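Have a look at the structure below before the remarks.
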Amino acid sequence: MTDRNQRSSDEQTSMSWSAPIVSKDAAILPWASWSLAARWALLGTFVAMSVIAATTFFLPFGIYLGQMVKALGWSRGEFSFGFSIASLCGAVMTPVSGWLVDRYGSRSIVTAGALLLPVAMACFGVFPVSYSAFLAACIFMGVVSALSAPSAVLSIPPQWVERNLGFAFAIGGVGFGVGATVLPPLTAAVVGAVGWREAWLVMAGLVGIVGISNALLLIRDNPDVVRARRARAVSEDLPGFSFGETIRSVAYWLIIATYLIVAVVYTGVAFHIVPLLTDMGIPPAQAASALGIMGIASLVGRLGTGLWLDRMHVLVVGCSILGGLAAGLITLTFAGAGTAPYIAAALIGLAVGGEADLMPFILRRRFGQRAFGRTYGLAYGFFQLGPILGPLAMGIVFDRTHSYQQILYWFIAAVLTSIALLAFAVLLRDRTLSASVQPC
């Protein structure tokens, strides 16, 4: 009982996240208070996030699709089914990856992902002309993607950083944005130059060189966290709550519901925004530029939110981000052609980039480091259902109504609901957790 009381006292210090509306604790230069080892580890986080499965497989997959359809004779629907299988396997395996992070450390799991991801990519360049072989490659990719998921990589910053934690998460988020910006056009150039099979192998080699070198040279676990894990397999010496305590928390599931809504809305809109804008009479080339605006805005949102989180109350930041997403959807729904659709794309991109920083920040501040891998892994597993559900929902509603208006109304209502869910999650005094760390 004494140990538990002492741990609660430690948690109160390390997980106090009900900060004043404006925090004066953040350094003018966010990295000024970080040790040299922490800076190297965060550089490794940046590089690792740029070459995860999302930036090397899921985002560029469509670039390979045209040549693969012509060469193999399968329908786009059959390829899409394989892609969905990979996404679903990733969602299912990400919580397992989180458990492995808590058990064996972040570096071991990120290194395993760096080794296996290029192998999984190379499978798409060498598989025989067999649909079952293609599906097997998709399943393997889905499993491997969990080892390099953001939930695995972003378990590194909170080991090293307490002050300016928001900016530390933003560094990883910007790494993802850089990868998402650079790798798809690079992939397109390689596919055009050498063909789809060879392109898979070339990109696998590039990802392997960058990822493995980074894992061996830069990725590091905090020695104090490593010692705590070795002392007790369940990491009871680390501050925070056990995984069992966390999943019994109402606040945890409210946070998951919030981010699932955001994932469904964003991926649905991003997938359908080009046909949505062309239906408004905007030329296809101009409509496609909205995706680029969303990507750039997402990058800005990741960096800006990280800095903002270190200076403002998390509820102010979260509700502002979700409010911006709602504003973007309203603009997209009710505004006509002109500049309004691009303003909407920018607002949506900013919001989603901000949410990418907000989720790990809230989970770390609320539930601590003790089971952060599993806590974030399970949450991110639900988040990954968004790319499956969002585009499907918009497609089904459009097929039935021949318009995107109805689904956009639903999306607006869902985002407004998510603001209430986040507020409850932040303000709720949860009986399943120690009262000493509840927000006031």
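Before we move on, is residue 324 modelled with pLDDT of 90 or more and within 21 Å of residue 382 (Cα to Cα)?
no
Please go through region 376-400 and give me each residue that is closer than 19 Å to residue 49 by Cβ and crowded, with 24+ Cβ neighbours inside 10 Å, ordered by number.
376, 377, 379, 380, 383, 384, 387
Consider only pairs whose beta carbons are under 7 Å apart and that are at least six residues apart or on different chains; among these, list those whose first residue lies in region 194-220 and is under 18 Å from residue 122 (Cα atoms) and whose second residue is surrounded by fewer than 18 Cβ atoms within 10 Å (Cβ to Cβ) and among the small types (Gly, Ala, Ser).
Pairs that qualify, where the first residue is under 18 Å from residue 122 (Cα atoms) and the partner is surrounded by fewer than 18 Cβ atoms within 10 Å (Cβ to Cβ) and among the small types (Gly, Ala, Ser), are 196/71.
If the requirement is being assigned by TED's automatic domain parsing to the domain that holds residue 44 and more than 22 Å from the chain's Cα centre (by Cα), which of these qualifies: 183, 165, 206, 147?
206
Could you please find all residues in region 256-271 being farther than 18 Å from residue 326 by Cβ and surrounded by 20 or more Cβ atoms within 10 Å (Cβ to Cβ)?
Across region 256-271, the qualifying residue is only 256.
In region 64-88, which residues are farther than 19 Å from residue 385 by Cα and surrounded by 12 or more Cβ atoms within 10 Å (Cβ to Cβ)?
Across region 64-88, the qualifying residues are 64, 65, 66, 67, 68, 69, 71, 72, 74, 76, 78.
Restricting to region 159-193, count the residues that are without any contact (Cβ under 8 Å) to a residue 24 or more places away in the chain, under 17 Å from residue 71 (Cβ atoms) and not aliphatic (A, V, I, L, M).
Result for region 159-193: 1.
Restricting the search to region 251-296, which residues are under 28 Å from residue 360 (Cβ atoms) and hydroxyl-bearing (Ser, Thr, Tyr)?
If the condition is that a residue be under 28 Å from residue 360 (Cβ atoms) and hydroxyl-bearing (Ser, Thr, Tyr), then 252, 258, 259, 266, 267 are the ones that fit.
Sort out which residues of region 305-333 are part of a helix (DSSP H, G or I), touching a residue at least 60 places away in the same chain (Cβ under 8 Å) and closer than 23 Å to residue 168 by Cα, and write them in order of number.
305, 306, 307, 308, 309, 314, 315, 316, 318, 319, 322
Looking at region 331-353, which of the residues that are more than 23 Å from residue 180 (Cα to Cα) and in contact with a helix residue (DSSP H, G or I) (Cβ under 6 Å, 6 or more places away or on another chain) is surrounded by the most Cβ atoms within 10 Å (Cβ to Cβ)?
332
Of the conditions (1) within 24 Å of residue 312 (Cα to Cα); (2) more than 19 Å from the chain's Cα centre (by Cα); (3) modelled with pLDDT under 85, residue 356 satisfies every one except a single condition; which number is it?
Here residue 356 meets the rest and fails (2).
Looking only at region 236-294, which residues are at pLDDT below 85 and of a type in the set (D, E, K, R)?
Of everything in region 236-294, those that are at pLDDT below 85 and of a type in the set (D, E, K, R) turn out to be 236, 237, 279.
The values are calculated or read from the model by the stated rules, or taken from the named source; none is laboratory data. The structure presented is a predicted model; accordingly, all values stated were derived computationally and were not measured. Glycine gets a Cβ as well: all are built from the backbone with ideal geometry, and neighbour counts include every protein chain shown.
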